[in-house]
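The structure appears below as structure tokens.
The values are calculated or read from the model by the stated rules, or taken from the named source; none is laboratory data. Note that the coordinates shown come from a computational prediction; the quantities given were computed from them, not determined experimentally. Positions of Cβ are backbone-derived with ideal geometry, glycine not excepted, and every protein chain shown enters the neighbour counts.
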Amino acid sequence: MIDQVVDYMEELYSKDLALPTIKILIDGGLPTAVYSSTPNIAVEIIDLGSKHAENNLRGRVYSDLESDGSLMEIQFTSRTPGNEDPEERLSDNGLRGGIK
């Protein structure tokens with residue numbers, strides 16, 4: 001009986017620690033779909049790759065995001081289907097928009 005309770009508690013604990021996941025599908029340079037493990041999230045995609053985003057505008061966008069106290073930069077994984085190892089960029093690597 002105690003083993004069943006312990007198993008149940010471990011299962012509940014592991015579910016609480018699972019991070020919400022968001023996957024953004026980009027096809028041809030355009031976001032085409034967003035998948036999330038939770039419905040309680042808002043996703044905003046800001047395109048800085050277009051010819052309309054000038055360098056001073058890019059810097060202002062980053063500055064605005066960094067100074068927004070309700071947001072934090074998080075680690076993410078970037079992968080291309082067919083590559084064996086995902087390329088990972090950490091938030092503290094200093095490479096804005098780059099891959100480590």
| Do you know which of the residues in the range 38-77 that are within 17 Å of the chain's Cα centre (by Cα) and of a type in the set (Ser, Thr, Tyr) is farthest from Leu25 (Cα to Cα)? | Ser70
| task | Return only the number of the condition from (1) at pLDDT 90 or above; (2) not assigned by TED's automatic domain parsing to the domain that holds Ala18 that Asn55 does not satisfy. | result | (1)
| request: Determine which member of the set Tyr13, Tyr8, Tyr62 is surrounded by 10 or more Cβ atoms within 10 Å (Cβ to Cβ), of a type in the set (Ser, Thr, Tyr) and modelled with pLDDT under 85. | output: Tyr8
